[in-house]
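Enquirer: Let me give you the structure first, and then I'll get to my questions.
Bear in mind that the values in this text are calculations on the coordinates, not laboratory data. As the structure is a computational prediction, the values presented were derived from the model and not from experiment. Every residue, glycine as well, gets a Cβ built from its backbone with ideal geometry; the counts of neighbours run over all protein chains shown.
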Amino acid sequence: MHVIESIRGSFQNIFAHKLRSFLTLLGIIIGVFAVVTMFSTIYGLKDLINSRMKDMGWNNSLIIYPSTGEKHGSSHIRHRFRRLRREAKPLSYTDYNFLKKNIKSKYIYGYIDSYQKYYFQENEKYVRLTATNTPFFTCKTYDLMDGRYFNSFEESNAIKVCVLGYHFFKEHYPDENPIGKELTLGQNRFKIIGILGDDKLNKKGMNFNPWERKRDLEAIYIPLSTGSKYLRANNALDYIYLQAENEDDYNSMKVLTTQKLLSLHSMTHDFRYNDVGAFLLKITKEINQMIKKWNITLSAIASISLIVGGIGLFSTLLISINERMKEIGIRKSIGATNLDIFLHFLLEAVILSLLGAFWGIFFSFLLVKGISTAMEFSFPIPLEGIFLGIVFSVFIGLLSGLYPAIKASKIDTIKAIYYFE
C-alpha cells in the first residue's frame, strides 16, 4: 500500500513541476532515443542489404558455366583434360530440363546472351537478345508493366515470342502499345507478348548494381527453348542458374547438381561453378560480425547521453530535498518511516527515468517510421534496443536516486517541519 501511495505521490510531484520534470527527462529521452534509433538503423541496414541481395537473385545461388579444360594445375591434370576435351559437352537445354526435374530448388533458369541486328527508323543497330525462363524475371524482381511472361507451352516448344525490356520499350515505342505486334531481329521474327516495368529496386535509397539492371531492361527476352534452337548450335546454353530455398539446402543442392551433371556428361568435368551463394554467406557473416562491433561501440556512445541525463536527474532530486523539507517533516510526523521516505524518492527517480525512456522510444519510433516511408523500406524497431533503453533507464534512475533518497530519509522530523529556506 505504501508503494502505491509513493507512486501516486511521485506522479503528483512530477506533474506539479512540469518544466523542471521535462528538463530533467531530456537527457534520458535523448539517450534512449539514440540507443533505440541506433539499433533500428543498424538492423534495418542489415535487413535492407539482405533483402536487396535476395531481390537481385544473389543469395544461396549457384551459376554453372561450361568448361572444356583446366587453365591451372599440374601437367598430369592438363594432359588428362586434353585427352577428354573431345568428349566434353557444352551445357545444353537438355541439361537444364534434367536439373529442373531432379534438383530441388527455389528458382532455376537457363540463360543465353546474344546481340542481333535490328532496323529502327531506317538505321541498323545491334540490340541485346536474351533467352531465359520466366523464373529469371521473378528472381530478379522484374515486374510486368503490360502483357504477360512466357507460358509453359511457349517455353517448351520454342515459340517465337518476346518480352521487351522497359528501356527498350521507352526508346523504340514511346507513343504506342506494341503488344501483339511483331519484331524482326536478325533472321527471326518474334511476337511481342509483354513489357517489363521500370526497376523498382533502385528507385530510392541505396543503389544495388544499377548498371547491370539497366542493361537487363534494355534487352529483349525470348524463351530459353527458342534461344537454344535459333541462337546456338546443339541447343547450347551460356549458363544455368539455381537458387536454394535457404542456407541449409544450399550445400546439398550443389552436391546433387554436381552428381547429376557428371552422370549426364560421362563423368567429365566440363562445367564449372560461380559459387555466388558461398561468397555471399561469407559476406553475410562478415557483415554480422561488423554489426556486432558497431552495436557495442554505438551503445557505449549512446549510453553517455543516459549518464548525462542521470547526472541531471541526480542534481534535480538533490536540490528538490530542500524544497520538499516540510513535506518530508509532515510525512514523518503522521507515521512515515525512513524506509517510506527512501522508497518515495527512489521510486520518483525510477518513474522519471521510465517516462524519459518511453518518450525516447516514442520519438525514435516516429523517426524510424519517417525514414522507412522516405526509403520505401520497413526499418524494424528491434526489441534489443527497447529492452536496453528501458533497463539502462531504470539503472540510471536507481543510481541517481539512491543518494538523494538516503539523504531525505535521514532528515530529522522536527528540523524538517520547522525548516525555512
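Enquirer: Once you have a ≥ b ≥ c as the square roots of the Cα gyration tensor eigenvalues for the range 171-261, tell me rounded if a/c is under 1.5, and otherwise prolate or oblate according to whether a/b is larger than b/c. Working shown, then result.
Expert: Values: a/c = 2.90, a/b = 1.30, b/c = 2.23.
It comes out oblate by the Cα gyration axes.
Enquirer: Name the shape class, rounded, prolate or oblate, that the alpha-carbon gyration tensor gives for the range 118-212, where a ≥ b ≥ c are the square roots of its eigenvalues, rounded holds for a/c under 1.5, and otherwise prolate holds if a/b is larger than b/c and oblate otherwise. Please report the intermediate quantities before stating the final value.
Expert: On the way: a/c = 1.79, a/b = 1.23, b/c = 1.46.
Note, shape of the range 118-212 comes out oblate.
Enquirer: A follow-up question, please. Order by neighbour count: 364, 303, fewest other Cβ atoms within 10 Å first, most last. List each step's numbers first, then the result.
Expert: On the way: 364 25, 303 18.
In increasing order of surrounding Cβ atoms, one gets 303, 364.
Enquirer: Which entries of 181/214; 46/293; 46/106; 140/214 show an alpha-carbon separation above 21 angstrom in the structure shown? Don't skip to the answer; put the middle values down first.
Expert: Details: 181/214 24 Å; 46/293 14 Å; 46/106 23 Å; 140/214 12 Å.
Among 181/214; 46/293; 46/106; 140/214, the Cα-Cα distance tops 21 Å for 181/214; 46/106.
Enquirer: Using only C-alpha positions, report the orientation-averaged shadow area of the convex hull of the range 61-277, nm², one decimal. Could the numbers behind the result be given before it?
Expert: Working: hull surface 56.9 nm².
Average projection, Cα convex hull of the range 61-277: 14.2 nm².
Enquirer: Rounded, prolate or oblate: which one fits the range 104-172, using the alpha carbon gyration tensor with axes a ≥ b ≥ c (rounded when a/c is under 1.5, else prolate when a/b beats b/c, else oblate)? It would help to have the intermediate numbers written out before the result.
Expert: Details: a/c = 2.03, a/b = 1.73, b/c = 1.18.
The shape class here is prolate.
Enquirer: Also, I was wondering about something else. What is the magnitude of the charge dipole of the range 61-277 about its Cα centre, with +1 placed on the Cβ of each Lys and Arg, -1 on the Cβ of each Asp and Glu, and no other charges, expressed in debye to the nearest 20? Walk me through the numbers on the way to the answer.
Expert: Numbers: 33 positive and 26 negative charges, 184 e Å.
Computed about the Cα centre, the dipole is about 880 debye.
Enquirer: Same structure, new question: In the range 61-277, with Lys and Arg counted as +1 and Asp and Glu as -1 at Cβ, which of these residues, 209, 180, 268, has the Cα nearest the positive end of the dipole, that is, farthest along it?
Expert: Going by the Cα projections, it comes out as 268.
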